[in-house]
Amino acid sequence: MADDSNNNNNNNTNDSSMERRKGWKRSAADAELDTMEAPPAKYSKVAYQTPVLRVKKLSEDAKIPTKGSEYSAGYDLYAAHEGEIEPYGKALIKTDLSISMPLGCYGRIAPRSGLSWKHHIDIGAGVIDYDYRGNIGVVMFNHSNKLFKVDKHMRVAQLILERYEYDSVIVEVDQLDESVRGEKGFGSTGLVDKKDSTDKTITTSSVTTSTKDTDMESVTSLMKESGVKMASKVGNSNDENEKKDMEVENTGDATNVKNVESVATV
């Protein structure tokens, strides 16, 4: 009984000191957590251990990553040196930092929303392996038509720690399990299947042209060679029966041109 009372006193003392240290008060949810069973010992150390991101400066120009707020997903990465990115070009901006991530995590370098929206800056090659110990570089793409200047200590990207299965193995098999999607690939979801057709139809504001395996440029070229000129229809008619339709057939190039709402003159 004495041991139990001592343990209770110690728990109360720890709770009180934690309240004074952090300035928070225990809630009903905290009291409920006290009644829950603790996870197995082999998992508890991992589950309640704060992940540590170790960072080493490679030069005096480097700046330690920071978070914009307590619950930000990523750490802001700072450029160690000045640089420029040509319009529609790319550049490798070094941070002069080397990092060691928690076991089971890799680093993902993601774009910053402000640079993306205001300056059309995107980030590429954004995976940092757990065992990489070199200088962290940020691949920046400038999708605008203006030169982009990178200032020293500018926040150029953000580093997000993501967990992954690093101890997975590969097993070669003869067959895979069946799925509903199967081998359907690009554009296979959310689209209505259309019947295959050997003819392609190209529509303009005034002319609908049907041709076999012919694109718009070839159609335009054939029309010029055939001497077909389009003219705006003079006057409007409310009577659909008074609309004139004319078909010009060129048997040499197997092209049919149908006038819809304009007059074709040869």
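General remarks:
- Residue list for the stretch 54-113, restricted to those being of a type in the set (A, V, I, L, M, F, W, C) and under 25 Å from H143 (Cβ atoms): A73, L77, A79, A80, I85, A91, L92, I93, I109, A110
- Qualifying residue in the stretch 147-156 (condition: among the aromatic types (F, W, Y), in contact (Cβ under 8 Å) with a residue 60 or more places away in the chain, in the same structural domain as P87 (by TED's automatic domain parsing) and within 25 Å of S59 (Cβ to Cβ)): yes
- Within the stretch 66-103, being part of a loop (DSSP other than H, G, I, E, B) and either among the polar types (S, T, N, Q) or crowded, with 20+ Cβ neighbours inside 10 Å (or both) holds for S69, S72, A79, A80, T95, M101.
- Criterion: modelled with pLDDT of 95 or more, within 19 Å of R163 (Cβ to Cβ) and surrounded by 13 or more Cβ atoms within 10 Å (Cβ to Cβ) - qualifying residue of R108, R112, R54: R108
- Any chance I123 is assigned by TED's automatic domain parsing to the domain that holds K152, touching a Pro at 6+ places or on another chain (Cβ under 9 Å) and not in a loop (DSSP other than H, G, I, E, B): yes
- Check on G134, in contact (Cβ under 8 Å) with a residue 12 or more places away in the chain and surrounded by 15 or more Cβ atoms within 10 Å (Cβ to Cβ): no
This table checks each residue for (1) under 20 Å from I64 (Cβ atoms); (2) assigned to a loop (DSSP other than H, G, I, E, B).
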site: G107; (1), (2): yes, no
site: W117; (1), (2): no, no
site: Y132; (1), (2): yes, yes
site: V138; (1), (2): yes, no
site: K146; (1), (2): no, yes
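- Test: residue in the stretch 155-167 that is in contact with a His (Cβ under 8 Å, 6 or more places away or on another chain), at pLDDT 95 or above and more than 21 Å from P51 (Cα to Cα): no
The values are calculated or read from the model by the stated rules, or taken from the named source; none is laboratory data. This one's a predicted model, so the numbers in the text were calculated from it and none came from an experiment. Neighbour counts are summed over all protein chains in view; Cβ atoms, including those assigned to glycine, are modelled from backbone coordinates with ideal geometry.
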